[in-house]
1. Only residues that are at positive phi and open to solvent by 60 Å² or more (accessible area, probe 1.4 Å): list them for segment A:64-81, please.
2. Does segment A:82-104 contain any residue that is on the phi > 0 side of the Ramachandran plot and either open to solvent by 70 Å² or more (accessible area, probe 1.4 Å) or within 8 Å of chain B (Cβ to nearest Cβ) (or both)?
3. For residues in segment B:19-39 being touching a strand residue (DSSP E or B) at 6+ places or on another chain (Cβ under 9 Å) and hydroxyl-bearing (Ser, Thr, Tyr), which is least open to solvent (accessible area, probe 1.4 Å)?
4. Of the conditions (1) open to solvent by 60 Å² or more (accessible area, probe 1.4 Å); (2) more than 10 Å from chain B (Cβ to nearest Cβ), A:Leu39 fails just one. Which one is it?
5. Test each condition in (1) free of Cβ contacts under 8 Å to residues at least 40 places away in the same chain; (2) surrounded by 13 or more Cβ atoms within 10 Å (Cβ to Cβ) for B:Ser68 and report the one that comes out false.
Amino acid sequence: DAGVTQSPTHLIKTRGQQVTLRCSPKSGHDTVSWYQQALGQGPQFIFQYYEEEERQRGNFPDRFSGHQFPNYSSELNVNALLLGDSALYLCASSRDSSSYNEQFFGPGTRLTVL
Amino acid sequence: SQQGEEDPQALSIQEGENATMNCSYKTSINNLQWYRQNSGRGLVHLILIRSNEREKHSGRLRVTLDTSKKSSSLLITASRAADTASYFCATKGGIWDYGQNFVFGPGTRLSVLP
């Protein structure tokens, strides 16, 4: 079992550019959540995808969008990048049918915006 | 604002000593989970405690939950240098509160000195 995988590992972009981050959930999981973690802070919930639809969203602007594919993998897109978007982006997967929705995290993508 | 708040923010102990970290939260929860993060990498799930449980053990880890005080503690016994990491608590509310996502605190940075 490969667990949750994310790509790329690191990414450097400049202000105003757009970026796409990818996540493959753990086998058997159908729900994907994305988190942003700034340096020295706890992860902040961005949004969650289930059945290819955004089910819940945190306090993030519309520049942050996502997608879930039929195989449950997911993408996070960020448009018009700002310096403040520099962070570790974490993907977590879970089984929606689980009562307690234990989440398993991927290693993250480190995004640096210059 | 964040649901969980860990205390202390940073903790330094000698190898072999016990480490205790606390987490306080604000609203009712379905469960509370503790995670470890090594140096900006992905989060590793340590232990989940349900709202109807008061104490749980896993190896050298002991977690307590006091729903009347809206607080939890994580005890690591006989600490090792490899325990050096940031520790986060994450709460999941009921569907009527926070839906499916988890809310993380800012974390406790633990340093175990050899």
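1. Initial filter on segment A:64-81 (at positive phi): A:72, A:80.
Passing the criteria: only A:Tyr72.
2. yes
3. So in segment B:19-39, the residues touching a strand residue (DSSP E or B) at 6+ places or on another chain (Cβ under 9 Å) come out as B:19-27, B:29-39.
Narrowing further to those that are hydroxyl-bearing (Ser, Thr, Tyr): B:20, B:24-25, B:27, B:35, B:39.
Details: B:Thr20: 69, B:Ser24: 53, B:Tyr25: 17, B:Thr27: 46, B:Tyr35: 1, B:Ser39: 111 Å².
This residue is B:Tyr35.
4. (2)
5. Going through the list (1) free of Cβ contacts under 8 Å to residues at least 40 places away in the same chain; (2) surrounded by 13 or more Cβ atoms within 10 Å (Cβ to Cβ), B:Ser68 breaks only (2).
To keep it simple, each residue is scored yes or no on (1) surrounded by fewer than 13 Cβ atoms within 10 Å (Cβ to Cβ); (2) modelled with pLDDT of 90 or more; (3) out of contact with any Cys (no Cβ under 8 Å at 6 or more places or on another chain); (4) outside any loop (DSSP other than H, G, I, E, B).
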| site | (1), (2), (3), (4) |
| --- | --- |
| A:Ile12 | yes, yes, yes, yes |
| A:Arg15 | yes, yes, yes, no |
| A:Arg22 | no, yes, yes, yes |
| A:Lys26 | no, yes, yes, no |
| A:Val32 | no, yes, no, yes |
| A:Ile46 | no, yes, yes, yes |
| A:Asp62 | yes, yes, yes, no |
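The values are calculated or read from the model by the stated rules, or taken from the named source; none is laboratory data. Predicted, not measured: the structure shown is a model, and the values here were computed from it. Please note: Cβ atoms are built from the backbone with ideal geometry, for glycine as well, and neighbour counts cover all protein chains shown. Remember, those area values only see protein heavy atoms, side chains included, never the ligands or the DNA or RNA. Shrake-Rupley method; radii C 1.70, N 1.55, O 1.52, S 1.80 Å.
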